[in-house]
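The values are calculated or read from the model by the stated rules, or taken from the named source; none is laboratory data. Predicted model, so just to flag it, every value in this text is computed and none were measured. The area values use the complete protein model at the heavy-atom level, side chains included, leaving out ligands, DNA and RNA. Shrake-Rupley method; radii C 1.70, N 1.55, O 1.52, S 1.80 Å.
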Amino acid sequence: GGPVGGQDNDEDGDDVMDDQGDSAKAFCTFAGGRPSSVRDYMKLLSRIFDNIKFEPNIQFATESQRTLCLAETVDVFAASIPSAAQRREFVTRIAAPTWNVSIDLAVR
């Protein structure tokens with residue numbers, strides 16, 4: 001069975017409610033961009049590590065830190081999306097919610 005209180009919400013057969021991951025896969029295909037790769041994820045992690053300072057022993061990220069992470073995410077993943085409208089949709093539907101950044105702040 002699926003998770004408590006829910007069930008699979010897509011057609012990938014994995015029995016997991018995973019809107020965001022499946023939306024990202026579908027979005028890349030829909031947008032005509034190249035599919036993301038492990039290299040892209042490693043590049044993002046490296047850029048976050050190199051460019052964003054996190055305090056030791058602090059268990060949360062500030063809005064400023066999350067916004068910088070969002071900017072790195074957009075730079076790495078949205079660069080392959082051909083149209084500005086589709087890049088904006090990527091930001092509002094996938095990237096901003098991933099980093100818990102408001103849509104208003106994300107599209108500034």
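Between residue 58 and residue 79, residue separation times 0.36 nm minus the direct Cα-Cα distance comes to 4.4 nm. Of 45, 70, 105, the order by accessible heavy-atom surface (1.4 Å probe, DNA, RNA and ligands excluded), from most exposed downward, is 45, 105, 70.
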